[in-house]
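The values are calculated or read from the model by the stated rules, or taken from the named source; none is laboratory data. All values reported here derive from a predicted model rather than from experimental measurement. In this analysis, Cβ positions are derived from the backbone assuming ideal geometry, glycine residues included, and neighbour counts consider all displayed protein chains. Heavy atoms of the whole protein, side chains included, go into the accessibility calculation; ligands, DNA and RNA do not. Shrake-Rupley method; radii C 1.70, N 1.55, O 1.52, S 1.80 Å.
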Amino acid sequence: QVQLLESGGGLVQTGGSLNLSCVASGTFYSVLPMGWYRQAPGKQRELVASMDTSGRLNYADSAKGRFTISRENALKTVTLQMNSLKPEDMGVYLCWSAIRGRSYWGQGTQVTVSS
């Protein structure tokens, strides 16, 4: 099993930056795919950025050029640097990972962007 703990959300003005962090813990012996999803009120959960076990990156079109996903700490931490934030970036950001086809989710961290 994998436990995911996010941190780093908050309130920022339009054009500002935030850095989200997610630490994975539990019993696993390999590099995990990890990523970030956003859940906005009244909308479906959507992928923001992810990194597979080989380090390949995938970004939502809305995140390209503004957000950067990266790993650190023996590959058990994934961060999302978000720059030039817009009101449409608001939502609960959830950390995701998977083992053997089963997805795991963190509790989420709220990102609020004021206009």
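Just to be sure I understand: with springs between alpha-carbon atoms less than 10 Å apart, which residue in Lys76, Lys43, Lys86 has the highest mean-square fluctuation in the Gaussian network model of the chain? Comparing Lys76, Lys43, Lys86 in the GNM, the peak value goes to Lys43.
Here the extension length gained between Arg45 and Arg102 equals 18.8 nm, from 0.36 nm per residue of separation less the Cα-Cα distance.
PRE reach from Ser17 (point 7 Å along Cα→Cβ): which of segment 58-88 fall under 15 Å by backbone N? Inside the label zone: 65-70, 79-86.
Here each label is just a point 7 Å from Cα along the line to Cβ, and for Lys64 and Thr112 those points are 3.2 nm apart. Summing Lys and Arg as +1 and Asp and Glu as -1 over all other residues whose Cβ lies under 13 Å from the Cβ of Trp96 gives a net charge of 0. Around Ala60, under 14 Å between beta carbons, what's the net of Lys plus Arg minus Asp minus Glu among the other residues? Net of charged neighbours comes to +2.
Model label sites at Ala74 and Val31, defined 7 Å from Cα along the beta-carbon direction, differ in position by 1.6 nm. Counting only protein heavy atoms and using a 1.4 Å probe, the accessible area of Glu72 comes to about 90 Å². For segment 44-53, the Karplus equation 6.51 cos²θ - 1.76 cosθ + 1.60, evaluated at θ = phi - 60°, returns couplings of 6, 5, 9, 5, 9, 7, 8, 9, 8, 5 Hz by residue, with Gly and Pro reported as x. When the square roots of the Cα gyration tensor eigenvalues are ordered a ≥ b ≥ c, the ratio a/c for the chain is 1.5 or more and a/b exceeds b/c, which makes its shape prolate.
Dipole size in debye (nearest 20) for the chain around its Cα centre, Lys and Arg Cβ +1, Asp and Glu Cβ -1?
200
Net charge in the neighbourhood of Thr14 (other residues with Cβ under 13 Å of its Cβ; Lys, Arg +1, Asp, Glu -1) is 0.
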